[in-house]
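Data block below; observations after.
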Amino acid sequence: MPTGVDRYVRSLLTELVRQLPSWQFDVGVLRGVGSLPPAIAAPNVRTAPARLSDRAYRTLVSHGLPAPFDLATGLGRNDVVVFPDFVVWPLARRAPVVAFVYDLSFVRHAEQADARHAAYLTREVERTMRRATSVVTISHAVREEILERYDIAPERVRCVYPAVDRKLFRPRAESDVTAAKQRLGLPERFLLATGTLEPRKNLVAAVDAYDRLPADLRNDVGLVLVGKVGWRAEATMAAVERPRSTGRVVHLGFASDEDLSLLYSGAEALLFPSFYEGFGLPMVEAMAAETPVIAADRPVLAEVSGGAARLVDADDAAAYALAISQVLGDPIEQRRLVDAGRARVDDFSWAESAATLAGVLRDAAG
């Protein structure tokens with residue numbers, strides 16, 4: 001299951017290339033990290049001939065010898081260089097730089113992150129803010145957090161929202177959903193929670209809320225978790241595997257894009273209790289599938305859902321369980337959430353986001 005960052009970069013680049021056929025896009029990829037998706041193949045896209053492997057480059061960095069990224073990847077002279085994953089690497093050739101910083105979880109929730117990785121990002125993102133001509137983030141809430149923490153001019157930080165693939169994430173045929181549930185061994189009716197099993201995603205809250213549902217409701221509706229096992233996943237796995245007299249909790253692990261689309265479409269509701277997100281893309285993907293969303297009442301999730309999700313204190317298992325019971329027991333509320341979600345998805349467009357990013361790149365290049 002591709003990460004949210006993977007989806008974002010891939011989709012944004014695909015649309016940017018389509019919109020700007022007169023621009024030349026040089027993509028620097030270290031050896032061993034894979035190739036570009038076929039959708040990005042275009043006459044104005046060139047993959048630079050990598051001179052170093054990903055392993056060799058990271059070994060140099062770990063020893064305090066950060067080789068210039070443009071030389072390591074074979075990039076030529078460019079009007080602007082984009083770094084899409086938090087860190088700006090050194091360059092041999094001076095050029096304006098646009099960097100993407102998706103969230104500040106490594107400082108705002110450092111206790112829930114891998115300590116070494118959090119320390120690394122804390123140090124490198126501070127440098128990124130100094131080096132970058134412009135910084136792109138994915139919600140206005142995170143933009144405000146960046147401006148509060150770092151000494152950076154407001155005009156240098158821009159919000160470029162993600163969107164969803166409407167061809168993939170959509171209401172699916174009932175027969176296809178049924179076949180997927182049978183193939184994956186899922187309950188006939190289920191709640192869905194997605195995300196890497198790590199503390200920040202707070203999936204234990206989804207399981208705790210599920211276990212507090214009335215027994216007759218648990219007998220009728222299961223809970224399905226989708227996502228790889230991440231760091232400090234023991235509490236989540238213990239919650240999944242705990243004995244229960246009624247109900248069923250399933251951890252699927254990895255799911256392909258196609259299966260994820262079918263799961264969204266087949267779910268009674270998406271549970272999204274995350275402590276912290278840069279955007280919260282699964283909420284919008286579920287809305288595109290016309291599935292109600294019951295999410296944590298966090299600033300970013302409130303911004304992104306725009307009133308189209310039931311927001312609740314996800315740290316209060318009883319309150320979360322009550323919200324689930326109310327939504328599942330009220331067809332009128334379900335229809336309201338579905339209709340509001342369908343309208344909210346229309347507010348996010350890869351075409352509009354790519355056009356905004358094109359403006360950022362023009363400004364940076366001067």
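The values are calculated or read from the model by the stated rules, or taken from the named source; none is laboratory data. For clarity, every value in this text was computed on a predicted model and none was experimentally measured. Don't worry about glycine lacking a Cβ; one is built from the backbone with ideal geometry, like all the others, and counts go over all protein chains shown. The area values use the complete protein model at the heavy-atom level, side chains included, leaving out ligands, DNA and RNA. Shrake-Rupley method; radii C 1.70, N 1.55, O 1.52, S 1.80 Å.
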Does Ala286 satisfy being out of contact with any Ser or Thr (no Cβ under 7 Å at 6 or more places or on another chain) and closer than 22 Å to Lys228 by Cβ?
-> yes
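Every residue, every condition in (1) closer than 27 Å to Ala354 by Cα; (2) open to solvent by 50 Å² or more (accessible area, probe 1.4 Å), yes or no:
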{"residue": "Leu147", "(1), (2)": "yes, no"}
{"residue": "Ala153", "(1), (2)": "yes, no"}
{"residue": "Val157", "(1), (2)": "yes, no"}
{"residue": "Leu168", "(1), (2)": "yes, no"}
{"residue": "Arg172", "(1), (2)": "no, no"}
{"residue": "Ser175", "(1), (2)": "no, yes"}
{"residue": "Thr178", "(1), (2)": "no, no"}
{"residue": "Arg183", "(1), (2)": "no, yes"}
Reported set for segment 268-287 where residues are open to solvent by 10 Å² or more (accessible area, probe 1.4 Å) and either more than 26 Å from Arg336 (Cα to Cα) or of a type in the set (A, V, I, L, M, F, W, C) (or both) is Phe275, Leu281
Working only within segment 119-160, note down all residues that are without any contact (Cβ under 8 Å) to a residue 40 or more places away in the chain and among the β-branched types (Val, Ile, Thr).
-> Thr122, Val125, Val135, Ile152, Val157
When segment 334-356 is examined, which residues are found to be in contact (Cβ under 8 Å) with a residue 40 or more places away in the chain and not in a helix (DSSP H, G or I)?
-> Asp347, Phe348, Ser349
Please specify each residue of segment 208-229 satisfying the condition of being open to solvent by less than 10 Å² (accessible area, probe 1.4 Å), aliphatic (A, V, I, L, M) and assigned to a helix (DSSP H, G or I).
-> Ala209
Enumeration of residues in segment 302-358 that are modelled with pLDDT under 95 and either at positive phi or surrounded by 15 or more Cβ atoms within 10 Å (Cβ to Cβ) (or both) = Ala314
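Quick one: count up the residues across segment 309-366 that are over 30 Å from Thr133 (Cβ atoms) and touching a strand residue (DSSP E or B) at 6+ places or on another chain (Cβ under 7 Å).
Quick first cut of segment 309-366, residues over 30 Å from Thr133 (Cβ atoms) only: 309-346.
With touching a strand residue (DSSP E or B) at 6+ places or on another chain (Cβ under 7 Å) added as a condition, the list becomes 309-312, 314, 319-320, 323-324, 327, 337, 341.
Going through segment 309-366 one residue at a time, the tally reaches 12.
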Asp103 being of a type outside the set (A, V, I, L, M), surrounded by 19 or more Cβ atoms within 10 Å (Cβ to Cβ) and within 22 Å of Leu197 (Cβ to Cβ) | yes
Thr196 is checked against (1) touching a Gly at 6+ places or on another chain (Cβ under 9 Å); (2) surrounded by 20 or more Cβ atoms within 10 Å (Cβ to Cβ); (3) under 30 Å from Tyr102 (Cβ atoms) and fails just one. What number does that condition carry?
-> (2)
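Conditions (1) within 29 Å of Val164 (Cβ to Cβ); (2) part of a helix (DSSP H, G or I); (3) among the charged types (D, E, K, R), marked per residue:
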site: Pro43; (1), (2), (3): yes, no, no
site: Arg55; (1), (2), (3): no, yes, yes
site: Leu65; (1), (2), (3): no, no, no
site: Asp70; (1), (2), (3): no, yes, yes
site: Asp79; (1), (2), (3): no, no, yes
site: Phe106; (1), (2), (3): yes, yes, no
site: Val136; (1), (2), (3): yes, no, no
site: Glu144; (1), (2), (3): yes, yes, yes
Given the residues Val81, Val98, which is the only one that is modelled with pLDDT of 90 or more and closer than 30 Å to Gly230 by Cα?
-> Val98
Any idea which of Ala153, Ala99, Ala113, Ala132 is within 29 Å of Asp347 (Cα to Cα), of a type in the set (Gly, Ala, Ser) and under 21 Å from the mean Cα position of the chain (by Cα)?
-> Ala99
